[in-house]
Structures are given as C-alpha cells and as structure tokens.
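Visitor: Take a look at this one; I'll ask things after.
The values are calculated or read from the model by the stated rules, or taken from the named source; none is laboratory data. This one's a predicted model, so the numbers in the text were calculated from it and none came from an experiment. Neighbour counts are summed over all protein chains in view; Cβ atoms, including those assigned to glycine, are modelled from backbone coordinates with ideal geometry. In case anyone asks, the SASA skips ligands and DNA or RNA and just uses the protein heavy atoms, side chains included. Shrake-Rupley method; radii C 1.70, N 1.55, O 1.52, S 1.80 Å.
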Amino acid sequence: MSRIQGKQRVALLCGVSAIGLALLNSSSAPAPYESRDQYGEASGVAVMHLIEKNIRARDIVTLKSLQNAARVVGCTGGSTNAALHLPALANEAGIDFDLFDVAACMKDTPYFVDLRPGGKYVAKDLHEVGGVAVVMKELAKEGLLHLDCMTASGKTLGESLEEITGEADGRVIYHIGSPITKTGGVVSLKGNLAPDGAIVKVAGMSEAEQVFTGPARVFECEEDAFEAVKSRAYQEGEVLVIRNEGPAGGPGMREMLSTTAALSGQGMGKKVALITDGRFSGATRGFCVGHVGPEAAHGGPIALLKTGDVITLNALTGELSVALTDAELAARKAEWKGPRKTAYTSGAIYKFTRLVGGARWGAVTHPGARGESHVYMDQ
C-alpha cells in the first residue's frame, strides 16, 4: 500500500467509523481479507435493523458525532481533506460545522497513532492492532468522545466500544497518556491573507518548522508551479503561491501533489513553504498550506498577491498573513481584472463552478438541510 493510499484510506475509515455511519472496523480490513465478507453480511443485518427501528442517517450524523470524527482524524495525524469532508457532511444534515470547528476539535486532541507520511505505519498495520475501535477506546479514556451518539449498529458509541477487547499496542497506537504530540495533526490558519481560513498538516513537524516568513513567488496554476520547480526557478526561503486551484477556480480543487513531491525530491521540502487555494493529499510533506479562502476565483486576497510580497505562516499561533495594509489590499482589489478564464464553459463542470461555495464550508453546491421545507425520507 502506498503512502497516499494509506493516509487517504485511514482518514476515510476513521471518519466514517467515528461518525457512526459504518460498523466499527468494517472498512479497515485490506481488500483481500476474508473478514470483509463477514462485515458485508453484518452490514446487511444492521441495515435491516435500522429500517425496523426507523434510525436514519440524520439520527447518526449530529454535531457531537462530527466532533468525534474530527478528534479521531486528528489523533491519527489525519488528512487535511477531513476539513472538506466533515463540513460538507454537516451541510447535508443542516449542522453548522466548518473548517475552524474541525481544527478546534483537533487542537486539544493528542496525536498518538503513528501513521505515514509523518509516522511509520499504514492502514493495514492499524487494522492488525485493532483498528479505529481501539483508537476510539483510547480517546474515550480521556473523555474526548461523545459516547451517547447513535451508530449504524443501532447501539450508542459507548455501548459499541464496550464490546471491543483490544488495547493500544504502544507501537502503532500509542497510549493516550504518552502521545506522540499533545495536539492533533492539523491546524487552521487565519489572517489578512485568509479571512475564511486555511489549513495545514503539522503531524511530524517540529515547532521550529511550523513558523516561516519569506517573499512570495506567485504562480497562476499548478502546472506553472511544477515547471518552475522542475527547472529550479525558485529560491530557498520563498513562499510558493499556487492560486486559481480552488473549488471554483480549478475547477474542482485538485491536490497539489506533483509540486510538493518535486520539492521533496529536490531536498527543498523544508526550505520553502507553499500556500494554495487548492488542496493537498495525505502524502504531502513540509509547510504546505491549503484551502486558502476566499479562493482567487472569488476575489480573495490570494488573488491579489504579487511576487515579492512578504508572507508569514505560523501554525503555532494560527496566522497566515501578508505584509500589506488594508488600504493596499483594497487598492489591488480595485485593479483586479476578475478570475482567470478556464476552458470549462459548458456542461456540468461549468455549472459546478457557478454553484460551488468556499472550502471553509466543504465546497458544497447547495444549502443542504437548511434549505429543505420537508424531509424527503418521509414521502
């Protein structure tokens, strides 16, 4: 299993299990394992039980269960993608839960599951030592989970965890009393460069590596940045800015994996920083900030940056700012000529670009349950 597959899969299985939408550990077994057949049968039985008891997805997806999920992702050093998935799911249920709420849950959650790329192990290793259920048992020991949440088993989370006999092995899953670090692996940033926030994965980074100030080198898309990195047309100490890659501007919010991988391959991953209104994957290394909002296509401050502007990133204080006054930013905004034109001028992608909202709220295209006048399931 690759580092990317490992981290993305762990983030997904941890989040779904923690929310309660999947049976505990049902999604962590590797594909060839015969135990997956047993979970398939158990899931079918669970579905029939939920129908009988009229337990619906919105009975399971609550503010408390979303907070549980954020904590579980945080303690595994999980993917920044959780800051998209969880707010988007909250939108479907009509719950206010954005990027800052995700990060707030992670802030006081210990990071104690040693998974790649910041750690040593992958999803298979986690499954072999008990899976996300054991991780959740550790969180519960410190009162960091809402145990009264309903789950797909028809039982509360607390009742389900009482049936789990496994314990932390101290190798893949550390004991929560002696974590890898005292806070989770993902931090939100905010400032005059990101009024609607941004996010960075700090799992595996030292405190010294979480502060960076340098001049910007601005690129209008990922391809331009990748070509510059390949030809080494950048300098140590710079902040590489990749804009127009947000949900609307991309369109689709691609992950900037090729550029970050190239930087790492050149040994420059810790000698420059990178910010983008796009996103990153689980394999990203170094000080890489994504989800900068508002995005460039919506006229956010990232659209107004020029090469040479001095940018400060500080994951310890939660700052992402540029050394420009409000008046200077306003003057640049008045001169801004609008979003970059793309080739997507028809079809579903065009509609998506017109409807999609900011990454802070999950990059959703509709108001979710807040806009409903009736419950479709009642029909």
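Visitor: Within straight cross-link reach of residue 333, meaning Cα distance under 25 Å, which lysines are found once same-chain residues fewer than 8 apart are removed?
Guide: 190, 306, 341
Visitor: Now, a different point. Count charges around residue 230 for me, please; just the other residues with Cβ under 13 Å from its Cβ, Lys/Arg as +1, Asp/Glu as -1.
Guide: It works out to a net charge of -3.
Visitor: Add +1 for every Lys or Arg and -1 for every Asp or Glu among the other residues with Cβ under 10 Å from the Cβ of residue 205, and state the total.
Guide: +1
Visitor: A follow-up question, please. Which order do the peptides 341-349, 121-129, 302-310 take when ranked by the mean count of other beta-carbon atoms within 10 Å per residue, highest first?
Guide: The peptides rank, most packed first, as 121-129, 302-310, 341-349.
Visitor: Where does the range 23-175 land on Rg(C-alpha)/(2.2 N^0.38 Å)?
Guide: 1.04
Visitor: Let me check I've understood the local charge: for residue 215, count other residues with C-beta under 12 angstrom from its C-beta, Lys and Arg +1, Asp and Glu -1. What total comes out?
Guide: On the way: positive: 217, 306; negative: 236, 238, 309.
Surrounding charge for residue 215 is -1.
Visitor: By DSSP, what percent of the beta bridges with both residues in the chain are antiparallel, rounded to the nearest 5?
Guide: 60 percent
Visitor: For the chain, with a Gaussian network of springs between Cα atoms less than 10 Å apart, report the residue from 162, 223, 295 with the top mean-square fluctuation.
Guide: 162
Visitor: Related question: For the range 20-146, with every protein chain kept in place, what is the accessible area per residue (1.4 Å probe, Å²)?
Guide: Per residue, the range 20-146 has 40 Å² of solvent-accessible surface.
Visitor: Let me know the shape class of the range 141-189, please: from the alpha-carbon gyration tensor, a ≥ b ≥ c as square roots of the eigenvalues, rounded when a/c is under 1.5, otherwise prolate if a/b is greater than b/c, or oblate. Could you put the intermediate results ahead of the total?
Guide: On the way: a/c = 2.65, a/b = 1.42, b/c = 1.87.
Note, shape of the range 141-189 comes out oblate.
Visitor: So if we plug the beta-carbon distance of residue 329 and residue 34 into 1/(1 + (r/R0)^6) with R0 = 41 Å, what FRET efficiency do we get, rounded to 0.05?
Guide: E between residue 329 and residue 34, to the nearest 0.05, is 0.10.
Visitor: Also, quick follow-up: Suppose we take every Cα in the chain and form the convex hull; what volume per residue is that in Å³?
Guide: Values: hull volume 56.8 nm³, N = 379.
Taking the convex hull of the Cα positions in the chain, it is 150 Å³ per residue.
Visitor: If r is the Cβ-Cβ distance from residue 92 to residue 52 and R0 is 25 Å, what FRET efficiency results, to the nearest 0.05?
Guide: Numbers: r = 24 Å, r/R0 = 0.95.
The calculated FRET efficiency here is 0.60.
Visitor: Now for a separate question. For residue 197, which sequence-distant residues (separation of 5 or more, or a different chain) have an amide H within less than 5 Å of its own amide H, given hydrogens modelled in the peptide plane?
Guide: Excluding prolines and chain starts, which carry no amide H, the hits are 191, 293.
Visitor: State the extension gain, in nm to one decimal, for the chain segment bounded by residue 104 and residue 342, taking 0.36 nm per residue of separation less the distance between their alpha-carbons.
Guide: 82.1 nm
Visitor: While we're on this one: Contour minus end-to-end for residue 159 and residue 307, with contour as 0.36 nm per residue of separation and end-to-end as the Cα-Cα distance? Provide the component values of the computation, followed by the final result.
Guide: On the way: separation 148, 0.36 × 148 = 53.28 nm, distance 5.58 nm.
Extra length from residue 159 to residue 307 when fully extended: 47.7 nm.
Visitor: Another question about this same structure. Could you order peptides 133-145, 192-204 by the average number of other Cβ atoms within 10 Å of their residues, highest first?
Guide: 192-204, 133-145
Visitor: Right, next: Could you give me the ³J(HN,Hα) list for the range 352-366, computed from phi with Karplus coefficients 6.51, -1.76, 1.60 and θ = phi - 60°, whole Hz, x at Gly and Pro?
Guide: Calculated HN-Hα couplings, in order: 4, 4, 7, 9, 5, x, x, 4, 4, 9, x, 6, 8, 10, 7 Hz.
Visitor: Right, something else. Given the Cα-Cα distance of residue 232 and residue 351 and 0.36 nm per residue of separation, how much length would full extension add, in nm?
Guide: Between residue 232 and residue 351, full extension yields 39.1 nm more.
Visitor: Moving on. Charges at C-beta only: +1 for Lys and Arg, -1 for Asp and Glu. How large is the resulting dipole of the chain about its Cα centre, in Debye rounded to 20?
Guide: Values: 39 positive and 42 negative charges, 168 e Å.
Roughly 800 debye, rounded to the nearest 20.
Visitor: Would you work out which of 213, 197, 126 lies farthest towards the positive end of the dipole of the range 118-247? Charges go on Cβ: Lys and Arg +1, Asp and Glu -1.
Guide: Working it through, the farthest residue towards the positive pole turns out to be 213.
Visitor: Within the accessible area of the chain, what % is carbon and sulfur when the probe is 1.4 Å and the other protein chains stay in place?
Guide: Percent of accessible area from carbon and sulfur atoms in the chain: 53.
Visitor: Could you check the simple spin-label distance between residue 148 and residue 314, using points 7 Å along Cα→Cβ, in nm with one decimal?
Guide: Using points 7 Å along Cα→Cβ, the separation is 4.0 nm.
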